[in-house]
1. Of ARG9, ARG19, ARG35, which has the most accessible area and how do the rest follow, probe 1.4 Å?
2. List the GluC sites (Glu not before Pro) within the range 11-40 that DSSP assigns to loop and that have no more than 14 neighbouring Cβ atoms inside 10 Å.
Amino acid sequence: MPTYAYRCRECTGTFELSRPMSESGAPATCPEGHRDTVKLLTTVPLTGSAATPAPADGGGCCGGGCCN
């Protein structure tokens, strides 16, 4: 389940909530009970490599089509 970060506009505290993506836009109440919160933009660290290296013979895809 994704974790979303929020900031309370009343007490300026930050907190995180784990909730389904279907509830990502739902209002969040801070741990102090304040309802005036805003969802923060967070980044996701990526590890490893999902990219496949190009073949040594120069083949690969270009312009939407594959060429060799």
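The values are calculated or read from the model by the stated rules, or taken from the named source; none is laboratory data. Treat the numbers as computed from the prediction; the structure is a model and nothing was measured. Backbone-built Cβ (ideal geometry, glycine too); neighbour counts: all protein chains shown. Just the protein is used for accessible areas: all its heavy atoms, side chains included, with ligands, DNA and RNA removed. Shrake-Rupley method; radii C 1.70, N 1.55, O 1.52, S 1.80 Å.
1. Output order, biggest surface exposure first: ARG35, ARG9, ARG19.
2. Loop-located and lightly packed - GLU32.
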